[in-house]
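In what follows, a single structure is set out as structure tokens and then discussed.
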Amino acid sequence: MAARLTVIDGAGRVLADNTADADTMEDHRLREEIVEAAARGTGEAERWSHTLRQEMLYLATLNREPDGSTTYVRLALPVARLQAGLGGFDAILLAASAAAFLVGGLAGWLLSRRFAGPVAELSRYAEALAQGEYGGRVYVSTPGELGALAGALNRIAEVLGNSKSQAIEEHERMRTILETLSDGIVATD
């Protein structure tokens, strides 16, 4: 069945209807969608239509005519037809949701792979620093926090490497001095 279109005047009298004789139709002033349209400009209701003998969804709008009178235009659609249309929509929505889930999962996996490599490299480098290996450097092409962390670890390695070199030089200098002395040295606190 096609949509039902009804024009109703401000007093509730049906002026025109595309499915029934307007002259034989009862007063529509107290119909839920008309009452709501009178108050808010638009109204809707779902109920059994005695004229069409089926459940219908009604949508009504208030129109102010140039002469100051009001009319209502009401559209009615069979609920069964709407539900059938929405059934196809449900399948499309489900397919779109599944596709979005797959694309989102793939994007998440790719992003995690992009960051997992640099994080593992930074972890290995930090472990090498903890073992006292200060000569290497780490280079991460990822911008942002991972790049900043790589730079900070490289600076730490440089400072620790310099401190270690200075300590070794100082130790060697002291050893050389102590080995070349012919006199004894006593250390006291």
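Largest first, what is the accessible-area ranking of 34, 177 with a 1.4 Å probe?
On the way: 34 5, 177 85 Å².
The ranking, largest first, comes out as 177, 34.
Can you give me the P(r) profile for the chain? Cα pairs, bins 5 angstrom wide beginning at 0, each as a whole percent.
Once binned at 5 Å, the Cα pair distances of the chain give 1, 6, 9, 9, 7, 5, 5, 4, 4, 4, 4, 4, 4, 5, 5, 5, 4, 3, 3, 2, 2, 2, 2, 1, 1, 0, 0.
Most mobile of 56, 25, 174 per a Gaussian network model of the chain (Cα springs, under 10 Å)?
174
Once Rh for the range 9-88 is found with the Kirkwood sum over Cα pairs, what is the Stokes-Einstein diffusion coefficient at 20 °C and 1.002 mPa s, in µm²/s? Let's see the in-between values first.
On the way: Rh = 13.4 Å.
Rounded to a whole number, D works out at 160 µm²/s.
So if I take the centroid of the Cα atoms in the range 147-168 and the same for the range 23-72, what is the distance between those two points in Å?
80 Å
What is the helix-to-structure angle for 79-130, meaning the angle in degrees between its Cα long axis and the longest Cα principal axis of the chain, kept from 0 to 90 and rounded to the nearest 10?
The two axes meet at around 10 degrees.
In debye, nearest 20: dipole of the range 107-153 around its Cα centre with unit charges on the Cβ of K, R (+) and D, E (-)? Provide the component values of the computation, followed by the final result.
Numbers: 4 positive and 4 negative charges, 34 e Å.
My answer is approximately 160 debye.
On full extension of the chain, what length is gained from residue 102 through residue 44, given 0.36 nm per residue of separation minus the C-alpha to C-alpha distance?
Gain on stretching residue 102 to residue 44: 17.0 nm.
Taking +1 at the Cβ of each Lys and Arg and -1 at the Cβ of each Asp and Glu, which of 70, 50, 161 sits farthest along the dipole of the chain towards its positive end, judged by Cα position relative to the Cα centre?
After comparing all options, I get 50.
In debye to the nearest 20, how big a dipole does the range 7-110 give about its Cα centre with +1 on each Lys and Arg Cβ and -1 on each Asp and Glu Cβ?
Here the range 7-110 has a charge dipole of around 340 debye.
Work through the residues other than residue 62 whose Cβ is under 11 Å from its Cβ and net out their charges, Lys, Arg +1 and Asp, Glu -1. Present the calculation step by step, with values, prior to reporting the outcome.
Values: positive: 40, 64, 74; negative: 33, 36, 65.
With Lys, Arg at +1 and Asp, Glu at -1, the neighbours total 0.
What number comes out for the charge environment of residue 24, summing +1 per Lys or Arg and -1 per Asp or Glu over other residues with Cβ under 13 Å away?
Numbers: positive: 13; negative: 17, 21, 23, 26, 27.
Charge balance near residue 24 sits at -4.
Given H placed 1.01 Å from N in the peptide plane, which residues other than close sequence neighbours of residue 13 have an amide H under 5 Å from its amide H?
28
Using a Gaussian network model on the chain with a 10 Å cutoff between Cα atoms, which of 141, 97, 112 fluctuates the most?
141
The values are calculated or read from the model by the stated rules, or taken from the named source; none is laboratory data. What you see is a predicted model; the values in this text were computed from it and never measured. Methodologically, a virtual Cβ is constructed for each residue, glycine included, from the backbone with ideal geometry; neighbour enumeration extends over all protein chains shown. These area figures cover heavy atoms from the full protein model, side chains too; ligands, DNA and RNA do not enter into them. Shrake-Rupley method; radii C 1.70, N 1.55, O 1.52, S 1.80 Å.
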